[in-house]
Every structure is written in structure tokens, then in C-alpha cells.
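Quick notes on the structure that follows.
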Amino acid sequence: GAVVSQHPSRVICKSGTSVKIECRSLDFQATTMFWYRQFPKKSLMLMATSNEGSKATYEQGVEKDKFLINHASLTLSTLTVTSAHPEDSSFYICSARGTGKAEAFFGQGTRLTVV
Amino acid sequence: AQSVTQLGSHVSVSEGALVLLRCNYSSSVPPYLFWYVQYPNQGLQLLLKYTTGATLVKGINGFEAEFKKSETSFHLTKPSAHMSDAAEYFCAVTRNAGGTSYGKLTFGQGTILTVHP
């Protein structure tokens, strides 16, 4: 149980285009989802927290207009990187947590390359 | 605010040797602590976690960690390293239940474990 699926696993896009990444909880209801970014050879940095049905809470320094997060259902959250630039290239990982649980389960990550 | 420090960005051991990955944390509230493993271009897999209760926690693949409040540490150990243990390991801390940041993880910098034949 507690499977989180992230799609796509890899994506290459042209500079200036937008890319959507999906994060799905397959066998539990995820009341909260978290989006992280991992720079090469660096740790994971929390970008934002989203609760189902409400606006995401962004960490300091994260541009909310650039990284659009939607959590429209208890099993799906999406991260859209708008007007992507090469500096947005990174590994993005989501995690999902059920009600009252301490542990959040991670997706397999998405490698975004902007050319 | 929480923070996590992993001592040593790279650890190298021989196959069959003891693995010790160090993690120290700071937290203003009783912490929940986690160790994750990450293989290249993959997400994170939970090895073990400490929430409450027994301070010695056993996880998957023979790993264990001990929560030492007095030392604010949560070091990860494995008695005998295997080649398949080569990966990057992250220690993380989250606040206890009830806070608005409940479930948000603060990660350490990661430790790359290399296992030599």
C-alpha cells in the first residue's frame, strides 16, 4: 500500500514552454501533497505544500506564478512549470500524506530538462 | 525551525564492514525523524522512521537507527555492508503532529555511500 505515482519520469521541453507534472496517490487519499526540488548533487528543497481544495503554500523564494500547483482531488496534485527556462532544469519529487499520518510517501521523481 | 546536519557527504566502506551514517538535528518540538535512500534518478525510499516509543528503530535491508535526544542524533547503521547498499542517504526531520508544518520534511545534505568489494 501507500503508492505514489509521478508522471512523467523524464521530460525535455523547449525554453518558454510550460510543463505539467502529475503526482497521484494510488491507494490512499492524500490530504496533503508536497513538492520538492533537487538540484544536482544537492539535497531536496521543499517548494510548496498543497492541501486538497485549497491554495498551495509556497516556501520563501519560490515563485508561485512560475510553479503552479493544483490539488483538485484527494488523489492528484499537479505542478506546472510555466515559461520554463534552462535554470528550471532539475529533479522534481512529490510526496503525499494521508490524514493524521506522520509519514509522506514519495513519487519516483521527474527529471526536467529545458533546452 | 528545524535543521538537519549529516556529517560526511561521502562515506566509503568495504563490503561486509559496518556502515555508520551520521545525522544530527535541531528542532523546537519533539521530532519525527526519517532516513531515506535514493538511487540515481529515482525517488526516495523510506528506510526507517522514529516517531515515538522505542528509540532503537529497525528498518528495511538490515538498517537501524537510534534516536538519542541528549545528543540530538539519529545515526544510521548496518552491521555488514552489501554492494547493493551503494546509494545516497538522506536524514530528515518533521514536526510532531498538530503544527501547520506537520509533514513537511527538512532534509540533510545527503551522504553518498560507496561500497568496495
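Structural remarks
- Here region A:79-115 is the region considered, the condition is being open to solvent by 50 Å² or more (accessible area, probe 1.4 Å) and in a loop (DSSP other than H, G, I, E, B), and the residue that is farthest from the other protein chains (Cβ to nearest Cβ) is A:83.
- Subset of region A:3-18 [crowded, with 19+ Cβ neighbours inside 10 Å and among the β-branched types (Val, Ile, Thr)]: A:4
- Scoring residue B:108 on the criteria (1) crowded, with 18+ Cβ neighbours inside 10 Å; (2) farther than 22 Å from residue A:40 by Cα; (3) in contact (Cβ under 8 Å) with a residue 60 or more places away in the chain; (4) among the small types (Gly, Ala, Ser) leaves a single failure, condition (2).
- Qualifying residue in region B:45-66 (condition: of a type in the set (Ser, Thr, Tyr) and under 23 Å from residue A:37 (Cβ atoms)): no
- Scanning region A:1-60 for residues being among the aromatic types (Phe, Trp, Tyr), assigned to a loop (DSSP other than H, G, I, E, B) and either under 29 Å from residue B:1 (Cα atoms) or touching a Phe, Trp or Tyr at 6+ places or on another chain (Cβ under 7 Å) (or both) gives a total of 1.
- Restricting region B:68-100 to residues that are open to solvent by 20 Å² or more (accessible area, probe 1.4 Å) and facing chain A (nearest Cβ under 10 Å), the residue that is modelled with the lowest pLDDT: B:100
- Listed by position, the strands (runs of 3 or more DSSP E) inside region B:11-51 whose residues that are surrounded by 18 or more Cβ atoms within 10 Å (Cβ to Cβ) and within 11 Å of another protein chain (Cβ to nearest Cβ) number at least 1 are B:31-38, B:44-50.
- Condition met for residue A:95 (within 29 Å of residue B:111 (Cα to Cα) and among the hydroxyl-bearing types (Ser, Thr, Tyr)): yes
- For region A:20-68, a residue qualifies if it is under 28 Å from residue B:113 (Cβ atoms), of a type outside the set (Lys, Arg) and open to solvent by less than 80 Å² (accessible area, probe 1.4 Å), and the qualifying residues are A:23, A:34, A:35, A:36, A:38, A:43, A:44, A:46, A:47.
- Filtered by the rule that a residue be more than 27 Å from residue A:107 (Cα to Cα) and free of Cβ contacts under 8 Å to residues at least 24 places away in the same chain, region B:28-77 gives B:53, B:54, B:55, B:56, B:68, B:69, B:70.
The values are calculated or read from the model by the stated rules, or taken from the named source; none is laboratory data. The shown structure was predicted, so the numbers you read here are calculated from the model rather than taken from an experiment. Counting neighbours? That spans all protein chains shown, and the Cβs are built from the backbone with ideal geometry, glycine included. Protein only, heavy atoms only, side chains kept; ligands, DNA and RNA dropped before computing areas. Shrake-Rupley method; radii C 1.70, N 1.55, O 1.52, S 1.80 Å.
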